[in-house]
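*Asks:* This structure is in C-alpha cells; I'll ask about it shortly.
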C-alpha cells in the first residue's frame, strides 16, 4: 500500500530537545554548543555549519530547532527554503541565516543564498544550511557551493526502524499509552520516517484517543486522519 506523508496539523514545532539524535549526536551537540557559546544571539560563531543526509534524517528538524532556540533568545533569523520563490533582501537585524533544502534552489534562490551568506559573514552572523548531498556534490553555483563547505560539515543518518520503534515505545510508555505491535508497524510503515513527525503523530493519537474514549488502534488512526 502507498506510504502516507504525515501532514495533520502539527501542534508544536520541532525543537532540539525533541530531536532523538541516535547516530547524529555529534551534529546535535555541535548545534547546542553553537547556540550556547555566547551571551547574545548576535555573537554566535560566524563559522558556517552544513548538514546533509537523505530525507528523514532530521535536517529540517534541526534547522527548525535552531530557529526556535534563537527565537527563545529574542533573536530573528533569515529562513530560505525551496518553496520561497521570491526571497527578501538580507536583513541586518538577523542573528543568523538558515538555508534549507539547498540542493533544490533555483538560480534566483541561489543568488539570494549567496547574498545572505556573504552579508552574514561580513557582519559575523551565523549560517546553518542543510541539503540532500555533501557540499562537493551540490548542483549549485560554485561560489555558493564552496562556501557551504567552508566550515563544519555533518552527515546525518536516518534512524533504523528498530531505533524508531524503541523511541516510540519509550515515548508511549512515558505518556501511559499502550501501543500494540500492529499499531507500531502501521505507524512506521505508513508515515514519514522522520522521528519528529512520528512523535507528533503519537501526541495527536493520544489526544484523539482521550477525546473519543477509545484505545489506540489502526481503525482509530484512520478515523483521526479522516477527521482532519
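The values are calculated or read from the model by the stated rules, or taken from the named source; none is laboratory data. Please read all numbers here as calculations on a predicted model, not as lab measurements. Cβ: placed from backbone, ideal geometry, glycine included. Neighbour counts: every protein chain shown.
*Asks:* Just the residues that are touching a helix residue (DSSP H, G or I) at 6+ places or on another chain (Cβ under 8 Å) and in a loop (DSSP other than H, G, I, E, B), please, taken from segment 90-105. Break it down into steps so the answer makes sense when it comes.
*Replies:* As a first pass, look at segment 90-105 and keep what is touching a helix residue (DSSP H, G or I) at 6+ places or on another chain (Cβ under 8 Å): 90, 92, 94-102, 105.
Of everything in segment 90-105, those that are touching a helix residue (DSSP H, G or I) at 6+ places or on another chain (Cβ under 8 Å) and in a loop (DSSP other than H, G, I, E, B) turn out to be 90, 92, 100, 101, 105.
*Asks:* Among the residues of segment 110-156, which ones are within 26 Å of residue 76 (Cβ to Cβ), under 21 Å from the mean Cα position of the chain (by Cα) and without any contact (Cβ under 8 Å) to a residue 40 or more places away in the chain?
*Replies:* Of everything in segment 110-156, those that are within 26 Å of residue 76 (Cβ to Cβ), under 21 Å from the mean Cα position of the chain (by Cα) and without any contact (Cβ under 8 Å) to a residue 40 or more places away in the chain turn out to be 110, 113, 116.
*Asks:* While we're looking at this one, here's another question. Testing residue 167 on (1) under 21 Å from residue 64 (Cα atoms); (2) in the same structural domain as residue 106 (by TED's automatic domain parsing); (3) touching a helix residue (DSSP H, G or I) at 6+ places or on another chain (Cβ under 7 Å), one condition comes back false. Which one is that?
*Replies:* (2)
*Asks:* On to the next question. From the list 197, 192, exactly one residue is touching a residue at least 60 places away in the same chain (Cβ under 8 Å), under 22 Å from residue 53 (Cβ atoms) and part of a helix (DSSP H, G or I). Which is it? Quick ask: steps written out before the conclusion?
*Replies:* On the way: 192 fails: part of a helix (DSSP H, G or I).
Exactly one of 197, 192 is touching a residue at least 60 places away in the same chain (Cβ under 8 Å), under 22 Å from residue 53 (Cβ atoms) and part of a helix (DSSP H, G or I), namely 197.
Let's see how each residue does on (1) under 12 Å from the mean Cα position of the chain (by Cα); (2) outside the structural domain of residue 198 (by TED's automatic domain parsing); (3) closer than 16 Å to residue 151 by Cβ:
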{"position": "60", "(1), (2), (3)": "yes, yes, no"}
{"position": "65", "(1), (2), (3)": "yes, yes, no"}
{"position": "71", "(1), (2), (3)": "no, yes, no"}
{"position": "90", "(1), (2), (3)": "no, yes, no"}
{"position": "99", "(1), (2), (3)": "yes, yes, yes"}
{"position": "108", "(1), (2), (3)": "no, yes, no"}
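*Asks:* Return yes or no: is residue 54 assigned by TED's automatic domain parsing to the domain that holds residue 130 and over 24 Å from residue 155 (Cα atoms)? Give the steps one after another, and end with the answer.
*Replies:* On the way: assigned by TED's automatic domain parsing to the domain that holds residue 130: yes; over 24 Å from residue 155 (Cα atoms): no.
Against the criterion (assigned by TED's automatic domain parsing to the domain that holds residue 130 and over 24 Å from residue 155 (Cα atoms)), residue 54 does not qualify.
*Asks:* Every residue in segment 126-157 that is within 19 Å of residue 55 (Cβ to Cβ), out of contact with any strand residue (DSSP E or B) (no Cβ under 7 Å at 6 or more places or on another chain) and modelled with pLDDT of 95 or more, please.
*Replies:* Taking segment 126-157 and keeping what is within 19 Å of residue 55 (Cβ to Cβ), we get 128-135, 137-140, 148, 153-157.
Checking the rest, the ones that are also out of contact with any strand residue (DSSP E or B) (no Cβ under 7 Å at 6 or more places or on another chain) come to 137, 139-140, 157.
Across segment 126-157, the qualifying residues are 137, 139, 140.
*Asks:* Would you confirm, using the coordinates I've provided, whether residue 3 is in the same structural domain as residue 132 (by TED's automatic domain parsing) and at pLDDT below 95?
*Replies:* no
*Asks:* Return a yes/no flag: does segment 106-117 have any residue that is touching a helix residue (DSSP H, G or I) at 6+ places or on another chain (Cβ under 6 Å), closer than 21 Å to residue 69 by Cβ and not in a loop (DSSP other than H, G, I, E, B).
*Replies:* Scanning segment 106-117, I find at least one residue that is touching a helix residue (DSSP H, G or I) at 6+ places or on another chain (Cβ under 6 Å), closer than 21 Å to residue 69 by Cβ and not in a loop (DSSP other than H, G, I, E, B), so the answer is yes.
*Asks:* Take segment 161-187 and flag every residue that is exposed (fewer than 12 other Cβ atoms within 10 Å of the Cβ) and either closer than 28 Å to residue 104 by Cβ or within 23 Å of the chain's Cα centre (by Cα) (or both).
*Replies:* Hits for segment 161-187 are 162, 170.
*Asks:* Looking at segment 91-113 only, could you name the residues that are over 24 Å from residue 132 (Cα atoms) and buried (at least 19 other Cβ atoms within 10 Å of the Cβ)? Full working, then the answer.
*Replies:* Residues of segment 91-113 that are over 24 Å from residue 132 (Cα atoms), as a first pass: 91-95.
94, 95, listed by residue number.
*Asks:* So the check is Cβ under 6 Å with 6+ separation or different chains; which pairs have a first residue in segment 33-50 that's assigned by TED's automatic domain parsing to the domain that holds residue 117 and farther than 15 Å from residue 78 by Cβ and a second one that's crowded, with 21+ Cβ neighbours inside 10 Å and at pLDDT below 85?
*Replies:* Correct list of pairs: 38/44.
*Asks:* Moving on. Taking segment 80-89 only, how many residues are surrounded by fewer than 17 Cβ atoms within 10 Å (Cβ to Cβ), without any contact (Cβ under 8 Å) to a residue 24 or more places away in the chain and either within 23 Å of residue 57 (Cβ to Cβ) or touching a helix residue (DSSP H, G or I) at 6+ places or on another chain (Cβ under 6 Å) (or both)?
*Replies:* Within segment 80-89, residues that are surrounded by fewer than 17 Cβ atoms within 10 Å (Cβ to Cβ), without any contact (Cβ under 8 Å) to a residue 24 or more places away in the chain and either within 23 Å of residue 57 (Cβ to Cβ) or touching a helix residue (DSSP H, G or I) at 6+ places or on another chain (Cβ under 6 Å) (or both) number 1.
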